[in-house]
Amino acid sequence: MGKLRIGRCLISTNVNGPGRRFVIWFQGCPLRCRGCFNPEFQEECGGVLLETDTLIETIFSIKDKIEGVTFTGGEPMAQAEELVNLASAVKSMGLTLVCFTGYEIEEILEGKIGGKELLEFIDILIDGRYVEEESAPLLWRGSKNQRVHFLTDRYAHLEGTVNECSLREVELKICDDGVYITGMFDWDFWEEFKREVN
């Protein structure tokens, strides 16, 4: 197996897909959407290079404490070839897989970007570029154009709830190396929060 460029990993609950999840923010994104929620993960040379086997071992060590793994970023599809190895291992552990991508599923299926093989392992795909002008309070999405695709039956029962839900959820994590906010949130909220904390 090879290596993956990672921006951050974190155990999260509900805001990055259903249930308690191990979330991996992949480093590097060629799309650079205006108003991006995670601009710190855009640079291709940022983050750290990790052996895929190391990530697999980490996930295996906590698999009984999580429901699944979420790929986000950055842009996971930029590392899709190596991600297939990680995704295959995740599914072999009996875990579910959620993936966020700025590309549309049609672009992936047509081969305009790597990731077609990766789709075989994904339970939920959230696709589409973030469009600042279409920002809306949606579950797991930042803008109205983004879609939630249930690629397996595992979470099909959530389809109605996800499409009807108009509630943004955020999660605040206080860790040894800093304070993190994850989920879909309003930048004004984050800036106000930082001012209050400081």
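The values are calculated or read from the model by the stated rules, or taken from the named source; none is laboratory data. As the structure is a computational prediction, the values presented were derived from the model and not from experiment. We work out accessible area using only protein heavy atoms, side chains counted, and drop any ligands, DNA or RNA first. Shrake-Rupley method; radii C 1.70, N 1.55, O 1.52, S 1.80 Å.
Per residue, how much accessible surface does the stretch 98-141 expose to a 1.4 Å probe? Answer in Å², no decimals.
Per-residue value: 43 Å².
From largest accessible area down, sort M77, M1; use a 1.4 Å probe on the protein chains.
Descending accessible area places them as M1, M77.
Pull out the extension gain between D53 and M93, defined as 0.36 nm times the separation in residues minus the alpha carbon to alpha carbon distance; nm, one decimal.
Net length gain for the segment: 13.0 nm.
When the accessible area of the stretch 1-85 is split by element with a 1.4 Å probe, what percent falls to carbon and sulfur?
49
If you bin every alpha carbon distance in the stretch 26-155 into 10 Å steps from zero, what whole percent lands in each bin?
12, 43, 37, 8, 0
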